[in-house]
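Novice: The structure that follows is given in the form of structure tokens.
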Amino acid sequence: MSPSSYSHLVYVERPKGLINSNTFRVEEVPFDLKPAADEVVIKIVWLSIDPAMRIWLSDDAGPFRPLQIGETMGGIGVGTVVGAGEDSGFAVGNHVSGYVGTTEYSKMKAKELTKVDVPEGAQLLDFLGPLGHPGQTAFIGIIDLAKVKAGETVVVSGAAGAIGSLVCQLAKDKGAKVYGIAGSAEKCRYLEEELGIAKALNYKAATFQEDFVREVGAFDVYFDNVGGGMLDFLLTRMNLHARVILCGAMSTYASEPVPLKNHRDIFYKRATMQGFSLIDQGDRMPDAMKYLGDRVAQGVLKSTYHILEGIKETPMAINMLFAGENNGKLVIKVSRD
Ligand SMILES: NC(=O)c1ccc[n+]([C@@H]2O[C@H](COP(=O)([O-])OP(=O)(O)OC[C@H]3O[C@@H](n4cnc5c(N)ncnc54)[C@H](OP(=O)(O)O)[C@@H]3O)[C@@H](O)[C@H]2O)c1
């Protein structure tokens, strides 16, 4: 049965730095969502909290369209179809994933959604984890672009996060020696003891650079989630023909970027540095999903979820990513189903 009303998050004021109490308002609206022939109405079950959500709020949103004041906040989620147009190809009860928005219900064109069949041994939530955009991003970066090989030394920053933790596991599965960089002793323990990587280093330790030189020395592949000063330092620690994969720049989304001083090392080491965005990778998704699905089934990919409840938590949750307060993939439980 449909509710009489539902909530969504409306963009009110562009933040400088982190999100604050003026950035959004939660709005309750009457439920009047009726699907046209090519549309579906979905009830959102899980909403992903992503660093990109902060990028969308900026005037310069990089590869994305900046969110406009008055619009419903974006968001990637998974949900259940509660109304389906006759030409939509969906049926009530189907599970779907897509760019659904930060809302409890959404009416969308059927072609904007992907039907989700949860394989044995997995759960719907995994379509925001190893079987969703974090897994796909990890696959494109470390398998397709870095072409990581057995015996190579791989360094991953943001290593305990949603994408970083999957990159660590995919690289280890390929036989690489994996080093993680994370922001707390507890995250380092998780990476070493639960994911079994060679060594994790806390970048907040005063001795981080010495620790890195002693423990890692130099790397063949760096999977960069954070950019900034960390990237600059790691450019001085490359082996010949190293590959630096630029997945994200977490340290710069809510503050000014810092200049890179060590770029000549890219020339000295004949290294390559490549940025990528999942938005260009549609053709690779069937292979990515097969690869990831196989590894989830084999138990190679473990996931940790950090769960909050209710879309009103979204603004605070986005800030948590910037404080490193998420332990694993941060999600919001939107509906109780
Ligand atoms: N290229 C693509 O297509 C694509 C797609 C999706 C996401 N991304 C990018 O991938 C990266 C990781 O995303 P995610 O969803 O997996 O997030 P996440 O790693 O789960 O969460 C972000 C983590 O970043 C770390 N962090 C925050 N501020 C930092 C700083 N100033 N310096 C260093 N680390 C900092 C925190 O961990 P610590 O406690 O360790 O500091 C935090 O937990 C982001 O840069 C995101 O934009 C790229």
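Novice: List the chymotrypsin sites (Phe, Trp or Tyr not before Pro) in the range 1-30 that DSSP assigns to loop (not H, G, I, E or B) and whose Cβ has at most 12 other Cβ atoms within 10 Å. Which are they?
Specialist: none
Novice: Right, next: Between the helical axis of 162-173 and the dominant principal axis of the chain, each derived from Cα atoms, what acute angle in degrees is found, rounded to the nearest 10?
Specialist: Between the helix axis and the principal axis of the chain, the angle is about 50 degrees.
Novice: Just subtract the alpha-carbon distance of Glu120 and Lys149 from 0.36 nm times their residue separation and send over the number in nm, one decimal. Please report the intermediate quantities before stating the final value.
Specialist: Numbers: separation 29, 0.36 × 29 = 10.44 nm, distance 2.96 nm.
Once the chain is fully extended between Glu120 and Lys149, it gains 7.5 nm.
Novice: Okay, next question. At 7 Å along Cα-to-Cβ for each site, give me the label-to-label distance between His241 and Val12 in nm.
Specialist: Here the modelled spin labels are 5.6 nm apart.
Novice: On average over all directions, what projected area in square nanometres does the chain have, based on the convex hull of its Cα atoms?
Specialist: Projected area, direction-averaged: 17.0 nm².
Novice: Compare the peptides 39-49, 282-292 by average per-residue count of other Cβ atoms within 10 angstrom and give them in order, highest first.
Specialist: Highest-to-lowest ranking by the protection proxy: 39-49, 282-292.
Novice: Extending each Cα 7 Å along its Cβ direction at Asn22 and Lys261, get the distance between those two points in nm, one decimal.
Specialist: Going by the 7 Å Cα→Cβ label model, 3.7 nm.
Novice: A further question on this structure: Two decimals, Cα atoms only, Kirkwood Rh: what is Rg/Rh over the range 133-279?
Specialist: 0.92
Novice: If the chain between Ser4 and Ala297 were fully stretched, how many nm would it gain, using 0.36 nm times the residue separation less the Cα-Cα distance?
Specialist: That works out to 101.4 nm of additional length.
Novice: Here's something else I'd like to know. Would you mind estimating how fast the range 229-285 diffuses translationally, via Stokes-Einstein at 20 °C and 1.002 mPa s with the Kirkwood radius over Cα pairs, in µm²/s?
Specialist: The diffusion coefficient I find is 167 µm²/s.
Novice: Between the range 103-129 and the range 21-48, how many Å separate their Cα centres?
Specialist: 15
Novice: If you count, for each residue, the other Cβ atoms within 10 Å and average over each peptide, how do 93-101, 66-74, 129-137 line up from highest to lowest?
Specialist: 129-137, 93-101, 66-74
Novice: Which GluC sites (Glu not before Pro) in the range 302-337 sit in a loop by DSSP (not H, G, I, E or B) and have at most 16 other Cβ atoms within 10 Å of their own Cβ?
Specialist: Glu325
Novice: Now, a different point. Give a quick list of trypsin sites (Lys or Arg not before Pro) in the range 60-147 that DSSP marks as loop, anything other than H, G, I, E or B, with at most 16 other Cβ atoms within 10 Å. Walk me through the intermediate numbers first.
Specialist: Details: sites: Lys107, Lys109, Lys111, Lys115, Lys147; in loops: Lys147.
Passing sites in the range 60-147 are Lys147.
Novice: Mind giving me the nanometre distance, one decimal, between the label points for Glu193 and Glu71, set 7 Å out from Cα along Cα→Cβ?
Specialist: 4.4
Novice: Can you put Lys261, Lys174 in order of accessible area, largest first, using a 1.4 Å probe?
Specialist: Listed by decreasing accessible area, they come as Lys261, Lys174.
Novice: May I pose another question? When only alpha-carbon atoms count, how far does the range 163-212 stretch along each of its three principal axes, as whole angstroms with the largest first?
Specialist: Extents along the principal axes: 32, 19, 18 Å.
The values are calculated or read from the model by the stated rules, or taken from the named source; none is laboratory data. Not measured: the values here are computed from a predicted model. Positions of Cβ are backbone-derived with ideal geometry, glycine not excepted, and every protein chain shown enters the neighbour counts. Heads up: the accessible areas ignore ligands, DNA and RNA and are worked out on the full protein's heavy atoms, side chains in. Shrake-Rupley method; radii C 1.70, N 1.55, O 1.52, S 1.80 Å.
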